[in-house]
Structures are given as C-alpha cells and as structure tokens.
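Q: There's a structure below that I have some questions on.
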C-alpha cells in the first residue's frame, strides 16, 4: 500500500467503549449503552480502523479491499490488508496466551478457499510472538449472512453456531480472538461465550476494522 492510501485510513481513537471498543462521545461513561445494559462475554474488543458501510463516504481504500478479499476471493490482498494494522496493536504480548481466529463453516471455507480471519491471525500472532490455534474453535452451523441484520437478529443467528473442539488448547488461557470486521459484536460475543464456558480464562477481541 502506498503512504497516501494508508494515511487516508481512519484509525480508531479514544474515547471508545471500555468493553466493545465502539466510539462513544466524550463523557463520564466508560461503556456504550448496549454494553452497560448487556455486557458481552469478551473482556475487551478493539479495532484498528473505522469502516464506513458506504464506500461513497469513506476515502480509505480499506473497505473496498476487505470486500474484494472476502467476496472477490482475492487472497493476494492479504499482505496489503496486513499493512493497515500498522506498528501498534491494541493488545500486547502480556495480554495474550494464544491467538484464535473466528472460524468459517466448512461450506463457506470450501467456497472462499481461505479464512480471512485465520490469515490475519497469523500476522497478529507473529507480531505478538504467540501461537495460533486454528482448530480450537469450530463453526457448527452454516449461518446466513449477517449484513442486513440488527444486533438482536445477529445474536439469534449465531446462537450455538460455534463450539470448542479442543478444550485442552484453550483451558485457563487468555485468548485473543481475531476477525476482519466487527459490526454489532454478536459473532465475537458468541465465540467468547463458548470459549469461556470451555475453560478459557478470558477472551479479548481484535478486528482489523469496526463498522460505524
């Protein structure tokens, strides 16, 4: 990526919700209304950059690259997307024992040919010098796309969609769950729930982008 394109990317900056990492107005509140009302199963979620749902309103090339990577099946964009992570990751090595990607269902993986979250996990794990567990968490249900759904619909859509296949790999460990984009946080919340129930000490979440 050239420097001007990288410079057009809107980084997530404070203040953000202490729990889910969404931008919040400057105030005395430390959590957004949703997290204050219904705290997520993960401890903290953080994102590298903002992701505007309308390409017309986003000067950054990041949203279009993510779409081309996922839906255009262009695996060659992996290295370009990794450059948007930059030099600073919101979590340090002392926060993490193991990195776990949000899994795809086998049908979606067969169609796409790769799991974009797994590719990002490898980059993050190398930066933090921590292992990646690709098969600890699996997706049991081939859920329909979440794009047009609100928070409650997304939660119902992913309920019981994930399971821990290798509890021994996450037992009493601090997990960094990695995905490409967070919208409402429903998928990350469900993944964190099953990881914690299977014995993980805590789950933090890192995504490349956060939808506004």
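Q: Report the normalised scattering of segment 10-146 as log10 I(q)/I(0) at q = 0.11, 0.17 Å⁻¹, calculated by the Debye formula with identical scatterers on the alpha carbons.
A: Debye output, listed in q order: -0.49, -1.22.
Q: Using alpha-carbon pairs under 8 Å, 6+ residues apart, how would you state the relative contact order of the chain in percent?
A: 24
Q: If I stretch the segment between residue 129 and residue 79 completely, what's the gain in nm (0.36 nm per residue apart, minus their alpha carbon distance), one decimal?
A: 16.2 nm
Q: Only Cα pairs under 8 Å and at least 6 apart count here; give the relative contact order of segment 120-212 as a rounded whole percent.
A: That works out to 29 percent.
Q: Show me the ranking of peptides 161-168, 1-8, 41-48 by mean Cβ neighbours inside 10 Å, starting with the highest.
A: Ranked from most to least packed, the peptides come out as 41-48, 161-168, 1-8.
Q: Can you list the residues of segment 7-45 with backbone N under 17 Å from a point 7 Å past the Cα of residue 52, pointing along Cα to Cβ?
A: Only 7-13, 23 fall inside the zone, counting backbone N under 17 Å.
Q: Looking at segment 3-211 only, what percent of DSSP beta bridges run antiparallel? Nearest 5 please.
A: 20
Q: Between residue 87 and residue 171, how many nm apart are label points set 7 Å from Cα along the C-beta direction?
A: Modelled inter-label distance: 4.2 nm.
Q: Hey, what number do you get for the chain at 222 nm if only DSSP H runs of n ≥ 4 count, each worth -39500 (n - 2.57), divided across all residues, to the nearest 500?
A: -8500 deg cm²/dmol
Q: Moving on to the next point. Highest first, please rank the peptides 101-112, 190-201, 174-185 by the mean number of other Cβ atoms sitting within 10 Å of their residues.
A: Top to bottom by mean Cβ count within 10 Å: 174-185, 190-201, 101-112.
Q: Label points 7 Å out from Cα along the Cβ direction at residue 33 and residue 67: separation in nm?
A: Label at residue 33, label at residue 67, 2.9 nm between them.
Read the figures in this text as sums done on the coordinates, not as results from a lab. All figures in this text were calculated on a predicted structure; none of them were measured in a lab. Cβ: placed from backbone, ideal geometry, glycine included. Neighbour counts: every protein chain shown.
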